[in-house]
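Visitor: Below is the structure I would like to discuss, written out as structure tokens.
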Amino acid sequence: MADRIKQLVSHLTGTGMSAGVYTKSFGIMRGGLLPRGDPFICSVAHRAFVELWQDVPLAPPDSIFQLTAAYKADTFKDKVNLGVGAYRDNDNKPWVLPVVKKATSILLNDEALDHEYLPITGLAEFTNAAAKLILGSHSPAIKEGRTVSVQTISGTGANHLGALFLSKFYKWNGPARIYLSNPTWDAERWLANHHAIFRNVGIEPVEYAYYDPKTIGLDFDGFIDALKTAPERSVFLLHACAHNPTGVDPTTEQWKAIAEVIAAKKHYTFFDCAYQGFASGDLDKDAWAVRYFVELGLPLLVCQSFAKNAGLYGERVGALHLVSPNTETANRVKSQLSVLQRSEISNPPSHGARLVSLILNDARLFEEWKRDIETMAGRIIEMRRELHRLLTEKLHTPGNWDHIVNQIGMFSFTGINPAQSKALVEKGHIYLTGNGRISMAGLNTHNIEYFGSQLDAVVRGTVSS
């Protein structure tokens, strides 16, 4: 023990004290070390502690949460927050879905409810119903027992678990890489969640062409070219609907062409679906691409979130669904996903999963949920139409603004540049990300005219504080 302390102190102090000095300094006796509080020991320990994390770099702040903090601190009466990706009602308030209130009441009055651990892969009633929601109740993958479903910590957890599984078991054709759309979730590329999630498990992100700033739409030719030129059996992450952050989705015919190339190149599809139903207001329509790929027999997994379409942002309810070629493979995949899940979160939380399970498995609650989804999606669509009307008919803002109504879902890429975005924040008190993305859910009948006028002014270069 004395020799080890001698080595430690010599390393930390750079001294060459003799064994006798070390023994005296540390009070090493037959009975051991001196009691705690020895000044010399405390000094050395303090230095070691201080130096331990000195080289840890300061990470940049999350841009979205930074925007929200700035918005809250702003005292301007007409300020507008278009940064956060959460639904707000017409009074700019969070909206607890009526069906969620009913489901919560049912749970609160269930005397048989306990707080025991869920199984490692989650609440089966939830995962089974969630799989039918995204894949379709008549999906061949479900009927044939080829689907593996695991409850996750919302869509982020599904992305992570899916990435972790691929990092360990996918047969990569070359280096472990995943193709991500440019841009993808989140706002800033170096902080983007998709990029970080895959890098954290040793999979290097590679960008493919997706958004065309010239048309403020889909760069379909660039997308197809990326699929064709990527090595066979590459992994492509595709947004199932309501692409985040652009709001630009392929058409049905374009999805068919995408699937054709993926099949020819034997690529693996990593679907991320955070907005089913929230995009168009129709659960089945928003799941079309995923179901079409399954019908074609393409290998894939799907990350699913109930944060947006059920308004359960803080409950972190999600699922990972992996479609296997046969039942035997599905069993092996599930066994490994269980091992990975166990080592990370042990068991998923129960409350949110029970809420969604009630809604999905009760016919009356399910129909009410669909109406709630239509309410949210419908209000966002109406805000798109009104903003388009203001810019084109009332303000006659320079440029073509059809992309506002052509895009879909919570977010819209306005097409303005970083300098214009910055001007809107600093002079107009309108909080949006630097790439011009806005959350349509942040607009309402009370603030849309102000936003429209400020957007018009920044385009014309006349915005002022």
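The values are calculated or read from the model by the stated rules, or taken from the named source; none is laboratory data. Bear in mind that the values here come from a model prediction, so they are computed numbers and not experimental data. Note that each Cβ is placed from the backbone with ideal geometry, even for glycine, and that neighbours are counted across all protein chains shown. Please note that ligands, DNA and RNA were not included when accessible areas were found on the heavy atoms of the full protein model with its side chains. Shrake-Rupley method; radii C 1.70, N 1.55, O 1.52, S 1.80 Å.
Visitor: Assuming LEU360 fulfils every condition listed in (1) surrounded by fewer than 23 Cβ atoms within 10 Å (Cβ to Cβ); (2) in a loop (DSSP other than H, G, I, E, B); (3) among the hydrophobic types (A, V, I, L, M, F, W, C) apart from one, which condition is it?
Guide: For LEU360, the exception is condition (2).
Visitor: GLY434: open to solvent by 10 Å² or more (accessible area, probe 1.4 Å), outside the structural domain of ALA274 (by the TED database), modelled with pLDDT under 95 and not in a helix (DSSP H, G or I), yes or no?
Guide: yes
Visitor: Run down GLY428, GLY399 and say which single residue is open to solvent by 50 Å² or more (accessible area, probe 1.4 Å), among the small types (Gly, Ala, Ser), within 27 Å of SER464 (Cα to Cα) and part of a loop (DSSP other than H, G, I, E, B).
Guide: Only one candidate qualifies: GLY399.
Visitor: Of the conditions (1) surrounded by fewer than 17 Cβ atoms within 10 Å (Cβ to Cβ); (2) part of a loop (DSSP other than H, G, I, E, B); (3) of a type in the set (Ser, Thr, Tyr), THR184 clears all except one; give me its number.
Guide: Going through the list (1) surrounded by fewer than 17 Cβ atoms within 10 Å (Cβ to Cβ); (2) part of a loop (DSSP other than H, G, I, E, B); (3) of a type in the set (Ser, Thr, Tyr), THR184 breaks only (1).
Visitor: Being part of a helix (DSSP H, G or I), open to solvent by less than 40 Å² (accessible area, probe 1.4 Å) and in the same structural domain as VAL80 (by the TED database), is that true of even one residue in region 406-419? Spell out how you get there, then give the answer.
Guide: The initial filter retains those residues of region 406-419 that are part of a helix (DSSP H, G or I), namely 406, 418-419.
When the remaining residues are screened for being open to solvent by less than 40 Å² (accessible area, probe 1.4 Å), the result is none.
So far as region 406-419 goes, no, none of its residues is part of a helix (DSSP H, G or I), open to solvent by less than 40 Å² (accessible area, probe 1.4 Å) and in the same structural domain as VAL80 (by the TED database).
Visitor: Further, regarding this structure: Among (1) open to solvent by less than 10 Å² (accessible area, probe 1.4 Å); (2) part of a helix (DSSP H, G or I); (3) of a type outside the set (A, V, I, L, M); (4) not assigned by the TED database to the domain that holds TYR268, there is one condition LYS102 misses while meeting the rest; what is its number?
Guide: Checking LYS102 against (1) open to solvent by less than 10 Å² (accessible area, probe 1.4 Å); (2) part of a helix (DSSP H, G or I); (3) of a type outside the set (A, V, I, L, M); (4) not assigned by the TED database to the domain that holds TYR268, the one that fails is (1).
Visitor: Right, here's the next one. Taking the condition touching a Leu at 6+ places or on another chain (Cβ under 6 Å) and either surrounded by fewer than 16 Cβ atoms within 10 Å (Cβ to Cβ) or farther than 19 Å from LEU107 by Cβ (or both), does VAL339 pass?
Guide: Here the answer is no, as VAL339 does not meet what is asked.
Visitor: Does GLU344 satisfy being under 25 Å from LEU133 (Cβ atoms), open to solvent by 80 Å² or more (accessible area, probe 1.4 Å), not small (Gly, Ala, Ser) and not assigned by the TED database to the domain that holds GLY277?
Guide: Spelling it out, it is not the case that GLU344 is under 25 Å from LEU133 (Cβ atoms), open to solvent by 80 Å² or more (accessible area, probe 1.4 Å), not small (Gly, Ala, Ser) and not assigned by the TED database to the domain that holds GLY277.
Visitor: Can you give me the number of residues within region 258-309 that are under 18 Å from the mean Cα position of the chain (by Cα), more than 17 Å from ALA130 (Cβ to Cβ) and not small (Gly, Ala, Ser)?
Guide: Going through region 258-309 one residue at a time, the tally reaches 2.
Visitor: Report every pair of residues separated by at least 6 positions or lying on different chains whose Cβ atoms are under 6 Å apart, first residue within region 419-441 and more than 22 Å from ALA377 (Cα to Cα), second open to solvent by 40 Å² or more (accessible area, probe 1.4 Å) and among the hydrophobic types (A, V, I, L, M, F, W, C).
Guide: As it stands, the answer is HIS429/PHE76, since those pairs meet every condition given.
Visitor: Tell me the residue from ILE142, ILE64, ILE153 that is more than 25 Å from the chain's Cα centre (by Cα), closer than 25 Å to PHE278 by Cα and open to solvent by less than 80 Å² (accessible area, probe 1.4 Å), please. Give the derivation first.
Guide: On the way: ILE64 fails: more than 25 Å from the chain's Cα centre (by Cα); ILE153 fails: more than 25 Å from the chain's Cα centre (by Cα).
From the options ILE142, ILE64, ILE153, the qualifying one is ILE142.
Visitor: Could you please let me know if ASN90 is exposed (fewer than 15 other Cβ atoms within 10 Å of the Cβ) and closer than 26 Å to LEU312 by Cβ?
Guide: Answer is yes for this residue.
Visitor: Right, here's the next one. Considering only residues that are in a helix (DSSP H, G or I) and closer than 20 Å to GLN336 by Cα, which ones fall in region 127-153?
Guide: Passing the criteria: THR127, ASN128, ALA131, ALA141, ILE142.
Visitor: On the given criteria, is SER350 within 22 Å of GLY297 (Cβ to Cβ), buried (at least 20 other Cβ atoms within 10 Å of the Cβ) and polar (S, T, N, Q)?
Guide: no
Visitor: Right, here's the next one. Checking the conditions here, which among THR327, THR269 is surrounded by fewer than 17 Cβ atoms within 10 Å (Cβ to Cβ) and among the hydroxyl-bearing types (Ser, Thr, Tyr)?
Guide: It is THR327.
Visitor: Just the residues that are part of a strand (DSSP E or B) and either open to solvent by 10 Å² or more (accessible area, probe 1.4 Å) or over 20 Å from GLY318 (Cβ atoms) (or both), please, taken from region 165-180.
Guide: Of everything in region 165-180, those that are part of a strand (DSSP E or B) and either open to solvent by 10 Å² or more (accessible area, probe 1.4 Å) or over 20 Å from GLY318 (Cβ atoms) (or both) turn out to be ARG177, TYR179.
Visitor: Filter region 445-459 down to the residues that are among the aliphatic types (A, V, I, L, M) and closer than 19 Å to ASN417 by Cβ and list them by number.
Guide: Looking only at region 445-459, we keep the residues that are among the aliphatic types (A, V, I, L, M), and these are 448, 455, 457-459.
LEU455, ALA457, VAL458, VAL459 - these are the residues of region 445-459 that are among the aliphatic types (A, V, I, L, M) and closer than 19 Å to ASN417 by Cβ.
Visitor: Scan region 216-225 and give yes if some residue there is more than 20 Å from the chain's Cα centre (by Cα) and either on the phi > 0 side of the Ramachandran plot or assigned to a loop (DSSP other than H, G, I, E, B) (or both), otherwise no.
Guide: Yes: one or more hits.
Visitor: A further question follows. Right, GLY162: open to solvent by less than 50 Å² (accessible area, probe 1.4 Å) and at positive phi or not?
Guide: No.
Visitor: Filter region 43-61 for residues that are open to solvent by less than 80 Å² (accessible area, probe 1.4 Å) and not hydroxyl-bearing (Ser, Thr, Tyr); which is farthest from GLY436 (Cα to Cα)?
Guide: VAL44
Visitor: Can THR229 be described as in the same structural domain as LYS308 (by the TED database), under 20 Å from MET410 (Cα atoms) and open to solvent by 40 Å² or more (accessible area, probe 1.4 Å)?
Guide: Answer is no for this residue.
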